[in-house]
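Below: one structure, written as structure tokens.
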Amino acid sequence: MLNRALVRNGELVPPTSLDELELLSGVREACESLTAGFLLIVVTNQPDVARGTLDRSVVEQIDQTIRDALPLDDIRVCYHDDVDHCNCRKPKPGLLLQAAREWNIDLSQSFLVGDRWKDIEAARNAGCRTVMVLNGHQQGRDLSASPDARVLSLREAADLILRSSFHQGVLVK
């Protein structure tokens, strides 16, 4: 949703190097438009670290590059896999609740913008409003989540949020 999705062997995968990282067109502008009145916090699952297929230092380099390129307040990462049963891995709300405590965010006045059912479920579990970005990579994915809105881009999500009456914080995946 922030960066171009990579497809390997028919599966969506995260970038495995800085060379593979490409921010999507319009992402910076969408984030900048939200900085007046919103916190921008990225909440992301990175299970490939636990699976041993991606080094944590690479994820941290990519995150730093994203921080340098976008006006983000924070990036929260879960490095666990489902078998770890942690509270921070979406769809559990642990990272959102943690960010809310540390940033003094009223989650009932906040949005989570995501592109997977786990994002929407985590937001619901935390009490956030939800916007799902249908980015063209939903084929074969579980779309049973019931977001408050569905849009085609982060730019469209930002426009929708800015038109709303909720102005506390935003959690972007």
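Scanning region 90-100 for residues that are surrounded by 21 or more Cβ atoms within 10 Å (Cβ to Cβ), in a loop (DSSP other than H, G, I, E, B) and either touching an Asp or Glu at 6+ places or on another chain (Cβ under 7 Å) or hydrophobic (A, V, I, L, M, F, W, C) (or both) returns a single hit, Lys90. Can you tell me which residues in region 62-81 are surrounded by 15 or more Cβ atoms within 10 Å (Cβ to Cβ) and assigned to a helix (DSSP H, G or I)? Correct list: Ile62, Asp63, Thr65, Ile66, Ala69. Which of the residues spanning region 29-55 are part of a loop (DSSP other than H, G, I, E, B) and polar (S, T, N, Q)? Listed by number, the residues that qualify are Thr35, Gln46, Thr53.
The set of residues in region 51-101 that are under 22 Å from Ala126 (Cα atoms) and among the aliphatic types (A, V, I, L, M) comprises Leu72, Ile75, Val77, Val83, Leu95, Leu96, Leu97, Ala99, Ala100. Selection over region 84-101 of residues that are out of contact with any Lys or Arg (no Cβ under 7 Å at 6 or more places or on another chain) and in contact (Cβ under 8 Å) with a residue 24 or more places away in the chain gives a count of 7.
Within the option set Glu32, Glu11, being at pLDDT below 95 and more than 15 Å from the chain's Cα centre (by Cα) holds for one residue only, Glu11. Within region 29-73, the residues that satisfy the criterion of being in contact (Cβ under 8 Å) with a residue 24 or more places away in the chain and charged (D, E, K, R) are Glu29, Glu32, Asp48, Arg51, Asp73. For first residues located in region 13-28 and β-branched (Val, Ile, Thr), partners that are surrounded by 14 or more Cβ atoms within 10 Å (Cβ to Cβ) and lie 6+ apart or on another chain with Cβ distances below 7 Å form the pairs Val13/Leu6; Thr16/Leu54; Thr16/Val58; Val27/Leu2; Val27/Leu70; Val27/Leu154. The set of residues in region 34-56 being surrounded by fewer than 16 Cβ atoms within 10 Å (Cβ to Cβ) and over 18 Å from Asp81 (Cβ atoms) consists of Thr35, Ala36, Gly37.
For Leu24, only one of the following conditions fails: (1) touching an Asp or Glu at 6+ places or on another chain (Cβ under 7 Å); (2) closer than 15 Å to Ala157 by Cα. What is its number? Tallying (1) touching an Asp or Glu at 6+ places or on another chain (Cβ under 7 Å); (2) closer than 15 Å to Ala157 by Cα, Leu24 fails exactly one: (1).
Of the set (1) closer than 15 Å to Asp115 by Cβ; (2) part of a loop (DSSP other than H, G, I, E, B), all apply to Thr16 but (1).
Looking at Leu40, Leu112, Leu95, Leu54 in this structure, which one is among the aliphatic types (A, V, I, L, M) and modelled with pLDDT under 95?
Numbers: Leu40 fails: modelled with pLDDT under 95; Leu112 fails: modelled with pLDDT under 95; Leu95 fails: modelled with pLDDT under 95.
Criteria check complete, one pass: Leu54.
The values are calculated or read from the model by the stated rules, or taken from the named source; none is laboratory data. Since the model is a prediction, treat every value here as computed from it, not as a measurement. Methodologically, a virtual Cβ is constructed for each residue, glycine included, from the backbone with ideal geometry; neighbour enumeration extends over all protein chains shown.
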